[in-house]
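Step one of this worksheet: look at the structure below.
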Amino acid sequence: MQALLQAAGPLGLRRTAPPTRRSYDCGLVLGGATTGNRLRVTLAAELVETGTHFDELAGLSAERPLSAREHESELDSADDQTEWRNLARYLHRAFGPLRESSSDRGGAGWSGWRDEALRDAEGHRLRLLVAPAPDPERRAGTADAVRFFLSRTSVERRSSVLVLTSAIYAPYQFFTAAPLLLKGGVRDVELIGTPTADEGAPNLLAQRLGQEMHAAIEAASRLVAALPARAQDNA
């Protein structure tokens, strides 16, 4: 257990480095559980308040029903039935009042997916993208959400991207999202996360850290396996 707790710090699962740039074409807030949504949107708002500029800030989410445990952990989420509605409410809370920007909706609507263009009171461009499920058996995941973002955003508007998530998921989501973004024409990809809470039973934290280390290794293995043979020799 102690080995996992000690290794998690240098691997970035407990806290990530801050952004290296002061300006990005796009910030991507990855949707997730209710607490994660709240913390990630708060982080995005803090970055904006302290001078980090985004030409666009987009929330990437899914049509996933919230669990009873999520409602219990965030009591004000009682009326949020899905992950994307929960993320949307936090975006409204942090950047509102928001208004619809009809001039750049570009095919927006609701038909198994959503691409809603909004602007806050100061004119910042915000979007909420709800990725379609890849099949009826499972919800859209990180890779599906990133692909949906790429399909709905021109190459000219995504040269530099900052992905916002939770630190404990950072290695896995970087290995999952960064290759897709780079393949999609993004030139500069960074990923940061909200700090991992230390309170609670150490054995449960160690278990979570171990699971996410395993997920990151699997994601990295899939990435290496997809490389050409010559690239694998140099990896």
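The values are calculated or read from the model by the stated rules, or taken from the named source; none is laboratory data. Everything quoted here is computed from the prediction, not taken from an experiment. For neighbour counting, all protein chains shown are included, and Cβ atoms are generated from backbone atoms with ideal geometry for every residue, glycine included. Heavy atoms of the whole protein, side chains included, go into the accessibility calculation; ligands, DNA and RNA do not. Shrake-Rupley method; radii C 1.70, N 1.55, O 1.52, S 1.80 Å.
The conditions of being modelled with pLDDT of 90 or more, farther than 27 Å from ALA3 by Cα, open to solvent by less than 20 Å² (accessible area, probe 1.4 Å) and in a strand (DSSP E or B) are not met by LEU181. Taken over region 17-33, the criterion of being among the hydroxyl-bearing types (Ser, Thr, Tyr) and surrounded by 21 or more Cβ atoms within 10 Å (Cβ to Cβ) is satisfied by TYR24 alone. Against the criterion of being under 29 Å from SER73 (Cα atoms), surrounded by 12 or more Cβ atoms within 10 Å (Cβ to Cβ) and out of contact with any helix residue (DSSP H, G or I) (no Cβ under 8 Å at 6 or more places or on another chain), ALA131 does not qualify. If the condition is being more than 26 Å from GLY185 (Cβ to Cβ), outside any helix (DSSP H, G or I) and open to solvent by less than 50 Å² (accessible area, probe 1.4 Å), then region 34-55 contributes only GLY51. Across region 186-195, the qualifying residues are those that are open to solvent by 30 Å² or more (accessible area, probe 1.4 Å) and either out of contact with any strand residue (DSSP E or B) (no Cβ under 9 Å at 6 or more places or on another chain) or not in a strand (DSSP E or B) (or both), and the one among them that is nearest to ARG147 (Cα to Cα) is ARG187.
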